[in-house]
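Here's the structure, in structure tokens; my notes come after.
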Amino acid sequence: MEEKRQATIVDVARAAGVSVATVSRVVNGNYPVKTETKEKVKAAISSLNYVPNVQARELNTRKSSTIGVVVPGLYNMFFAEVIDGIEESVRKENFSFLLNCAQNDPVQEMNCINALVARNVSGIIVISPNTKNISERFYEELVERVPMVFINGYHPIKGVSYVGNDESQGSRQALEYLEGLGHKKILFVRGASSDSYDIKEETYRCFMEERGLLNEDYVLNIGEGNSVETVDLTLSALRLKLPYLKPTAVFCCNDLMAVGALNACKRLGLSVPQNVSIVGYDNISLSRLVEPKITTMDQNMFQLGKSAAQLLLEQIRGGRNKRILLDNTLVVRETTGINQEVHHD
């Protein structure tokens, strides 16, 4: 049996009774075409099941309709919700994206980016970049060739666009909220290598120092912060720390760590929030699926992705690099309460 030949742009033009150039204009949407003609071409495309050859089009225009996205890991729902926002924006503009995972490793992050550049992407979005641990020259040279946007990156690099949450303001808001509930012994939980954790730790240190309450033992780095192990790593670290540090509250850099803190309290027979209050960060879906539901800072994840994609597309089209800072919102749920120690005095 003869294999069915795939329809070409020539077949579509013939079926619609128009030129190949007209079909190309309808497919690419880059020139105005009369509505009546457009309908004819669309009908022909539909009846012939014609699929435009993206590579041929890219060779023609010397422009790729693909952008690259680099994420530290895929276990934290935070990234999935940000990617959702990116996807919706680029799809509307007829772009697609290639996703690369950096495994929270600066070297791997550079490899991912180089691989995307080799595939001739039009621009790159890096979510939670590791800029502190990567040579500045690497990004400075890169952005001269490829438009770039960082999501939650805090190390300014000339030419790069930034979309982020004011995580410093958000962390302070969370700490002030705990302070308002009477908490002074606040344990800080972070993961390894990320601009985002660094900025939260800096805010925590300043906040506690201002009150003369900073204690080095209360700053805890659990290691891998965005992986399938994060919850258990936090659980193990806190099982050892909680009994002798006896904090009345725990402030976590993300919601995975907050779930780990919740599990540690459960193992130790501590009630949340009666004995220990817990605050997470991000407001991923998981924070409202566990029991008790986690008090957290909402990071506008969908909006972060959407804004980053819009900035990147603007840059691809010759626009200037920009910086967008979104506000975090405190979402009070069930893991925080008044410090009972103060309450009993």
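Using only Cα atoms, figure out Rg for segment 206-345 and give it as a multiple of 2.2 N^0.38 Å. Can you show the working numbers first?
Numbers: Rg = 18.0 Å, N = 140, 2.2 N^0.38 = 14.4 Å.
Ratio of Cα Rg to 2.2 N^0.38 Å: 1.25.
The shape of segment 82-153 comes out prolate: with a ≥ b ≥ c from the C-alpha gyration tensor, a/c is at least 1.5 and a/b beats b/c. For the chain, the longest principal axis of the Cα atoms and the long axis of helix 195-210 meet at an angle of about 30 degrees. Relative intensity of segment 247-303 on a log10 scale, I(q)/I(0) at q = 0.19, 0.29 Å⁻¹, equals -0.58, -1.21, per a Debye sum over C-alpha point scatterers of equal strength in the absence of solvent. Ellipsoid semi-axes for the chain, based on the Cα gyration tensor and the rule √(5λ), read 49, 21, 17 Å when sorted largest first. Within straight-line reach of LYS241, meaning a Cα separation under 30 Å, sit the following lysines at least 8 residues removed in sequence or on another chain: LYS132, LYS184, LYS185, LYS200, LYS266, LYS293.
No value in this document is a laboratory result; all are computed from the given coordinates. Values in this document were obtained by computation on a predicted structure and should not be read as measured data.
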